[in-house]
Amino acid sequence: MDVLFLSRLQFAAATIFHFLFVPLTLGLSVMVAIMETKYVRSGDEQYLNMAKFWGKLFLINFALGVVTGITLEFQFGTNWSRYSAFVGDVFGSL
């Protein structure tokens, strides 16, 4: 196993782990918004309790997504520094 393969393996594992949080965060945000809208329209306390419960899980999930995203950003800088320098010059000029 060479260094390039291990770097790719590490980045793949981190990306897969990060991708678990992305769709879950998007789905939970829509679900909590719908529950809060139903609470405002109907006044039923059950929707408020549901929104509070799922809102807490949303915040935890969002925080874990941010942490894994920062990990990916550092891996770009450490494992793929030449690629990051090239892409930074391309996107920096836009």
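Note on the chain: with a GNM built from Cα contacts shorter than 10 Å, the maximum mean-square fluctuation among A33, A14, A63 falls on A33.
Phi angles across segment 30-36 convert, under the Karplus curve 6.51 cos²θ - 1.76 cosθ + 1.60 with θ = phi - 60°, into 3J(HN,Hα) values of 5, 5, 5, 5, 5, 5, 5 Hz, Gly and Pro given as x.
Placing +1 on each Lys and Arg Cβ and -1 on each Asp and Glu Cβ, with no other charges, gives the chain a dipole about its Cα centre of roughly 120 debye. Select from S84, S42, S29 the residue whose mean-square fluctuation is largest in a Gaussian network model of the chain (Cα-Cα springs shorter than 10 Å). Per the Cα network of the chain with a 10 Å cutoff, S42 tops the list. On full extension, the segment bounded by M31 and T15 gains 3.3 nm, given 0.36 nm per residue less the C-alpha separation. Each residue, V3 and S84, gets one label point 7 Å from its Cα in the Cβ direction; the gap between the two is 1.5 nm. For L28, neighbours were defined as the other residues whose beta-carbon sits under 15 Å from its Cβ, and their charges (Lys and Arg +1, Asp and Glu -1) total +1. The alpha carbon centroids of segment 32-69 and segment 2-18 are separated by 33 Å.
Can you give the convex hull volume of the alpha carbon atoms of segment 1-81 per residue, in Å³?
Details: hull volume 5.7 nm³, N = 81.
About 71 Å³ per residue, rounded to a whole number.
Since every read-out is calculated from the coordinates, none of them should be taken as a lab result. Here the structure is a predicted model, which means the values were calculated and not measured. Neighbour counts run over all protein chains shown; Cβ positions are idealised from the backbone, glycine included.
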